[in-house]
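Right, one structure below, let's go through it.
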Amino acid sequence: MRSAALEKLRSEALNLSEAERAELAHELVASLDGTIDSDAEEAWDAEIVRRLAEIDSGTAVLVDREEFRRRMRAWCRRKAWCKEAVSQAISVCCDRAGVPH
């Protein structure tokens, strides 16, 4: 059984723009993650620095946007639950980076 408050919230959320819904979805999913693991956060920071160094040095194998989207869509076809969420996340990332999508 759904509560009236949940139905009202769902209705309001569905009236948001696509980018706003994607941001809200991201924040809601992040809220399910529980406490932040500082070791994991430090490890990700180190991984980001490592990957940026590979890009700067020219040793990274880069994938263009169309190839990335093709791969993500193929992955999502295998994971039906994530198709819309990934599509929205790609849109938000592209919007924030000023990249057409």
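Under a point-charge model restricted to the Cβ atoms of Lys and Arg (+1) and Asp and Glu (-1), what is the dipole moment magnitude of the chain relative to its Cα centre, in debye to the nearest 20?
Values: 16 positive and 20 negative charges, 174 e Å.
Dipole size: approximately 840 debye.
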Inter-label distance, nm, simple model (7 Å from Cα along the C-beta direction), Cys76/Ala4: 3.6
Label corresponding to Cα extents along the principal axes in Å when calculated from the structure given, among (i) 63, 43, 16; (ii) 55, 34, 28; (iii) 38, 30, 23: (ii)
Farthest positive-ward along the chain dipole, Cα basis, beta-carbon charges - from Cys76, Ala46, Cys93: Cys76
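Read-outs: derived from the displayed coordinates by stated rules, not from any lab. Nothing here was measured: the structure is a model prediction, and the numbers come from that model. Virtual Cβ from ideal backbone geometry, glycine too; neighbours counted across all protein chains shown.
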